Every structure is written in C-alpha cells, then in structure tokens.
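> Please find one structure pasted underneath; my questions will follow.
The values are calculated or read from the model by the stated rules, or taken from the named source; none is laboratory data. Note that the coordinates shown come from a computational prediction; the quantities given were computed from them, not determined experimentally. Positions of Cβ are generated from backbone atoms using ideal geometry, with glycine treated the same way; all protein chains shown enter the neighbour counts. We work out accessible area using only protein heavy atoms, side chains counted, and drop any ligands, DNA or RNA first. Shrake-Rupley method; radii C 1.70, N 1.55, O 1.52, S 1.80 Å.
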Amino acid sequence: MLRLGSVSKTFSGFAALTDVDLAVEPGEIRAIIGANGAGKSTLLNVVSGLLRPSAGTVSYDGHDVTARDPSELVLLGLSRSFQITSVFNDFTAFQNVRIALLAYHRRTRQLFGSVERLLRAETLELLEAVGIADRAGRQAGELAAGDRKRLEFAMTLAARPKMLLLDEPTAGMAPNEREIVVALLASLNRDKRVTILFTEHDLDMVNSLAHRISVLHQGRVLAEGHPDEIRRNEQVRAAYVGAA
Ligand SMILES: Nc1ncnc2c1ncn2[C@@H]1O[C@H](COP(=O)(O)OP(=O)(O)O)[C@@H](O)[C@H]1O
Ligand SMILES: [Mg+2]
C-alpha cells in the first residue's frame with residue numbers, strides 16, 4: 001500500500017531522516033514510534049506531501065507520489081487526519097459532515113442524481129460509523145472533546161480514505177478519550193479496511209492497536225516488528241532509556 005525507498009530529509013544540513021525504508025501492507029495498522037526529535041512527524045510530512053524528501057521515493061497504491069500535493073493524495077485515498085479537517089463550531093455535527101461530503105463530491109465530480117437524499121444517507125452513515133449519530137443535531141462547539149474527535153474522524157472519512165495518516169492522534173487527551181480514539185481506529189481498520197499509519201511516542205499506547213511497529217531513532221529505522229518483539233528488543237529499550 002505504501003512504500004518508502006531510502007527516504008532522507010535534511011533541514012539545512014541536519015539529517016532528520018536518513019535512508020528510511022518502510023513498507024506498509026494493505027489493511028495494516030502500522031505505528032511509528034520514537035523519542036521526541038526521532039523524525040516521526042518529518043516522516044509523516046514526507047508521506048503526506050507537506051515536505052519534499054531530500055532523497056528517496058514514496059509510492060502509494062501503485063503510484064509514485066514523491067512530493068505530490070496533499071490535495072492530490074486525498075483524491076487517491078491517502079488522507080492525513082486532523083489537518084485537513086476543520087470543524088465549524090456553530091454548525092451541527094450533521095452539517096459539518098455534510099459539508100465535508102459536499103467538498104469531497106465536488107472535487108471528484110460525483111454530484112448527480114438525488115443529491116439531497118444521497119448526502120443525508122451518507123452523512124448519517126458516517127456519523128453512525130463513529131458512534132455519534134444520536135448527536136447529529138448538536139452544535140459541534142458544544143460536543144464533548146471525545147465526541148468532537150469522533151466528528152473530526154467522520155469528516156476525514158467523508159473523503160473515503162483507503163489509508164489514514166495520523167500524527168500522535170491521542171496527544172494531550174485524557175485516558176478515556178484516548179480509549180475512544182484507539183477503539184475507533186481499530187473499528188475503521190476492521191470494518192472499513194482502512195490502512196493506518198500513525199506516530200506515537202508512548203510505547204504502551206501502540207501495543208493494543210498496531211499490527212506492526214517501526215522504531216525511529218535519530219532519523220533511522222532502528223527496529224521493526226510485532227509489538228511483543230519490539231517490547232523485548234534490547235536496542236529499542238536502550239534507545240528509550242537513553243532518550244529519557
Ligand atoms: N522545519 C524544520 N526545520 C529544521 N529542523 C527541523 C524541522 N522539522 C523538524 N526538524 C528537526 O528534525 C528532527 C526531527 O523532528 P520531528 O520529525 O518533528 O521529530 P518527532 O516528531 O519524532 O518528535 C528534530 O531534531 C527537529 O528539531
Ligand atoms: Mg512529532
């Protein structure tokens with residue numbers, strides 16, 4: 001689904017990523033973990049087209065997408081969550097999702113037939129998928145933080161992503177909100193076959209969610225494997241202790 005070949009990124013001489021090879025299978029949930037400054041966000045920025053790699057290639061779903069525009073990638077089904085969505089606080093949850101759907105259909109020129117009815121059904125389906133259909137009429141600005149997160153997910157899903165990119169999706173959240181996001185990501189992956197690549201600095205959070213983990217250390221891939229392999233990896237432990 002996604003392949004990085006020898007990707008490097010330097011910022012005026014400083015190597016944030018060095019020779020990163022990464023392959024994510026369709027249907028996989030992959031976590032990128034590493035201490036602060038390891039290069040996780042830079043890696044996501046390169047994949048989502050926000051940054052051009054200094055060297056190397058990125059391919060997605062059979063396309064060479066190296067340094068492709070984020071908006072083009074969304075049309076190919078590669079979406080970065082939380083950065084492309086903007087929730088309108090004065091509108092209801094329903095209206096917000098409907099706006100996201102309209103934007104998507106307009107871009108792909110799929111607006112035809114009984115648009116109103118189609119959008120209503122699709123909007124409700126998305127609200128249902130994230131578990132807030134019963135709050136459809138509530139103003140977005142008045143939703144609890146966890147429900148707002150769900151709304152943002154519904155809006156991201158309006159673009160029918162095949163693959164989601166998330167940079168520390170639960171950063172700054174209370175434990176119960178984190179659980180909501182983790183459960184939501186797991187169900188999107190299971191029920192809608194959405195491939196997921198996410199970053200996280202907390203090793204514990206990824207264990208329940210990720211199928212495979214890649215560990216970044218000072219811009220290089222230090223290790224890759226199943227969560228229990230990574231947990232037992234002495235090099236990984238040393239890198240985390242060293243960073244702490
Ligand atoms: N735009 C930039 N200009 C200069 N240095 C940067 C820039 N973005 C990131 N870096 C540096 O690259 C390294 C990796 O950063 P980042 O990818 O944000 O790490 P992480 O997300 O793992 O915490 C850090 O040392 C950071 O200071
Ligand atoms: Mg980061």
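Quick grid of which residues meet (1) free of Cβ contacts under 8 Å to residues at least 40 places away in the same chain; (2) closer than 21 Å to R68 by Cα; (3) within 13 Å of ligand 2 (Cβ to nearest atom):
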position	(1), (2), (3)
G13	yes, no, no
D19	no, yes, no
A35	no, no, yes
G39	no, yes, yes
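> Restricting to the range 33-65, give me the number of residues that are among the basic types (K, R) and crowded, with 17+ Cβ neighbours inside 10 Å.
Counting residues in the range 33-65 that are among the basic types (K, R) and crowded, with 17+ Cβ neighbours inside 10 Å gives 1.
> Here's a follow-up. Just need a number here: residues in the range 144-172 that are open to solvent by less than 30 Å² (accessible area, probe 1.4 Å), under 19 Å from A93 (Cβ atoms) and among the hydrophobic types (A, V, I, L, M, F, W, C).
Qualifying residue count for the region: 7.
> Kindly indicate the residue of the range 25-65 that is within 16 Å of ligand 1 (Cβ to nearest atom) and assigned to a strand (DSSP E or B) and also nearest to F11 (Cα to Cα) among those meeting that condition.
Selected residue: A55.
Results for (1) in the same structural domain as T10 (by TED's automatic domain parsing); (2) touching a strand residue (DSSP E or B) at 6+ places or on another chain (Cβ under 8 Å), shown as yes or no for each residue.
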{"position": "Q139", "(1), (2)": "no, yes"}
{"position": "G146", "(1), (2)": "no, no"}
{"position": "A154", "(1), (2)": "no, no"}
{"position": "H217", "(1), (2)": "yes, no"}
{"position": "A223", "(1), (2)": "yes, yes"}
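> Working carefully through the options L184, L164, find the one that is modelled with pLDDT of 90 or more and within 17 Å of G27 (Cα to Cα).
Answer to the selection: L164.
> In the range 168-185, which residues are under 16 Å from E152 (Cα atoms) and touching a residue at least 24 places away in the same chain (Cβ under 8 Å)?
Within the range 168-185, E168, P169, T170, M173, E177, R178, I180, V181, V182, L184, L185 qualify.
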